Amino acid sequence: MKKLLIVVFLLSLGNVLFAQDHSHMRGSEYCSMKRTKITNPDFYTQVSPNTPRHSYDVLNYKLNVDLYSCYFSPYPKNFKASNIMTFRVDSTLSSIYLNANNTSLTIDSIRLMSGTPLTFTHTSNILTVTLNRVYNVGEIVDIKINYRHNNVTDASFYNSGSTGYIFTDAEPEGARGWFPCWDRPSDKATLDLTAKVPLSLAVRLGSNGRLNDSTVTGDSVYYHWISRDPVSTYLVVMTSKVGYTINIVYWHRPSNPIDSVPLRLYSPTTANSSSIAAILPTATTYFSAAYGEMPFEKNGFCYVPNSAGFTWGGMENQTLTTINSWNENTTLHEYAHQWFGDMITCASWSNIWLNEGFATWNESYWVERTGGYSAYKTMINSDASSYLSSNPGWAISVPSWDVTTPNANTLFNYAVTYCKGSCVLHLLRYTLGDSAFFRGIKAYATDTVNFKLKNATIPEFFAKMTSVTGQDLTWFYNAWIYQPNHPLYQNGYNFTNLGGGQWRINFLAKQTQTGFFPIPIELKFSFATGSDTTVRVMNNTNNQLFSFYFNRQPTAVVFDPNNMIVIKTASLTMGIDEGSGQMPVEFKLHQNEPNPFNPVTNINYDVPKNSNVKLVVYDLLGKEVKTLVNEFKTMGKYSVSFNGLNLPSGVYLYRLETDNFKEVKKMMLVK
């Protein structure tokens, strides 16, 4: 979804495509065009962290927009409008702050719906409204803002002139350019939008939710759209054109086959939507099976071409995507956003992976439907190649983005946000296995208490995955999402003849980059006789030595034979200095780090020979809190994470037991 006026893209396969030919582009690549050249930096101006905190919750925006004159020469960009904003008070307040771009919007008056006028100031893109009294927690307030959009060009409201297209576009923070609002993704609200257009020009106008009615009054048509489902401001949209054609296909919910959900495709007569219309019901069923039923009462796409000013790929406005091409990859990328991005929206911009990583990965999942896992993996490998060739060196998620929204080239960087984001979701699938992965994803997407039609953070997503799969995944997102770059392996191995037909393979897993990336690794062994053998072990610490015993002579080792760890570089050398200190010489339980901790700490231990290992956490009364390890371990160095999120502060014990060794240490949880 990012804006970029690009003439030429070089794809990983070497194809050269000009901007007007997107037939072979990945949907994610086409999507990423949208925001990387946003034209108005004012849309990134944030309220300083030192200003009063957001102390209210917007419940509904009721917009009334008069676009009538915008369709006639000289095709102005100015219009009159009003916004009745209903909000609930979350902490005692006597004034509120809204985002409203000073260049784009002029505020004429503000009043309570009871009629009481309110005073306001509008400076530095912040609209400060002084209320008539102090309001207490839980009170509901309705204010009406009468305003005008000025006759200016901005990155929010677009008028193509004689081509007849008028539309809005708002990601990441452009809604403030066409209506006053609290323009952050975390504050979802329902929407009621009425737009006035001329009757004589046969204008068709779409927006979020359902078309409640279209009323003819005199020489005007009033389109009235209502979204019953809350929507983030950057996903609020109105899109129109003189002479749009509408192709409507219907999808029937498996849970209620008589419920026919309209899928509306708006297009000019020069852009036939029939090919996409034909696959949309199938796609809806496919995604619904994996992620839960498509939640909205309608969905749709509006085609807006380059010539009209939509010079980028697509924008997944809730229930009405704007799109530049009826390209299948692009359409399916944007459609996946209806689940991941719209139904569940990132709570803040540091959590953009929950939008773009999922939608990009979904393109690979879509081709798996007909092409099988090999087709899926080919597309994932393409994402990996794009990332590795263009990695700018920052993490997928940077916490400071919650305070200061980064520039578009950073937030919507194709290599990191899209390609690496997709690959990391693939790595999660590889780590968990298909059954646990898809069970967790569906549980996340269908969780009506915490996520569905709400917002989410990356740690909240992983907490849900942990609760469903029983696997603590803190180690995964701390490394793969919050660290930049990727593992650089310089692995080694050797063969030892133990006599009597017995052989040992030692394998040293070594990463050389800054930071460590834990991940399960697969090793394929070949032998002088018999078939190959592939093993899978957890590489959870650097310079980790694994030993494997066989009753036949090994001849070769291949690291990651199926290239499942798609974002990496790797070399493999025969030869390990077993006296270098890489091999543990005795059983040892190390002090946890950090200590004290809150809420996660790491416990390291050494196993000098193949053994049954048990690692258990107890409270001071001797009650077992959690078994961290209870399995056979080959010789090596190990690390395991312990999460005390749901435990009270205090001292805890952890004990390592093997066949002939026991050791206990203390750790302190401080909240």
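Numbers below:
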| read-out | value |
| --- | --- |
| Residues located in the range 597-610, provided they are touching a strand residue (DSSP E or B) at 6+ places or on another chain (Cβ under 8 Å), under 22 Å from ASN543 (Cα atoms) and surrounded by fewer than 17 Cβ atoms within 10 Å (Cβ to Cβ) | ASN604, ASN610 |
| Hey, PHE476 closer than 29 Å to ASN646 by Cα and not assigned by TED's automatic domain parsing to the domain that holds LYS637 or not | yes |
| Within the range 87-106, tally of residues that are farther than 12 Å from TRP178 by Cα and buried (at least 18 other Cβ atoms within 10 Å of the Cβ) | 6 |
| Top-ranked residue in the range 297-313 [being farther than 16 Å from ALA155 by Cβ and in contact with a Lys or Arg (Cβ under 7 Å, 6 or more places away or on another chain); ranked as surrounded by the most Cβ atoms within 10 Å (Cβ to Cβ)] | GLY300 |
| One residue from PHE438, PHE462 being assigned by TED's automatic domain parsing to the domain that holds ILE380, part of a helix (DSSP H, G or I) and either buried (at least 17 other Cβ atoms within 10 Å of the Cβ) or touching a Lys or Arg at 6+ places or on another chain (Cβ under 7 Å) (or both) | PHE462 |
| Extreme residue, nearest to VAL613 (Cα to Cα), among residues of the range 648-671 that are among the charged types (D, E, K, R), surrounded by 12 or more Cβ atoms within 10 Å (Cβ to Cβ) and touching a residue at least 40 places away in the same chain (Cβ under 8 Å) | GLU657 |
| Sole exception among (1) of a type outside the set (Phe, Trp, Tyr); (2) at pLDDT below 95; (3) over 30 Å from CYS419 (Cβ atoms) for ALA556, by number | (2) |
| Qualifying residue in the range 441-456 (condition: at pLDDT 95 or above, within 29 Å of GLN544 (Cβ to Cβ) and outside any loop (DSSP other than H, G, I, E, B)) | no |
| Cross-chain or 6+ apart pairs with Cβ under 9 Å, the range 219-230 first and buried (at least 21 other Cβ atoms within 10 Å of the Cβ), then in a strand (DSSP E or B) and of a type in the set (Asp, Glu) | TYR223/ASP213; TRP225/ASP192; SER227/ASP192 |
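So that you can scan it fast, the table gives a plain yes or no per residue for (1) under 18 Å from the mean Cα position of the chain (by Cα); (2) not assigned by TED's automatic domain parsing to the domain that holds TYR444:
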{"site": "HIS337", "(1), (2)": "yes, yes"}
{"site": "ALA347", "(1), (2)": "yes, no"}
{"site": "SER350", "(1), (2)": "yes, no"}
{"site": "THR360", "(1), (2)": "yes, no"}
{"site": "TYR376", "(1), (2)": "no, no"}
{"site": "ALA384", "(1), (2)": "yes, no"}
{"site": "ASN391", "(1), (2)": "no, no"}
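The values are calculated or read from the model by the stated rules, or taken from the named source; none is laboratory data. Please read these numbers as outputs of a predicted model, since none were measured by experiment. As a convention, Cβ positions derive from the backbone with ideal geometry for all residues, glycine included, and neighbour counts pool all protein chains shown.
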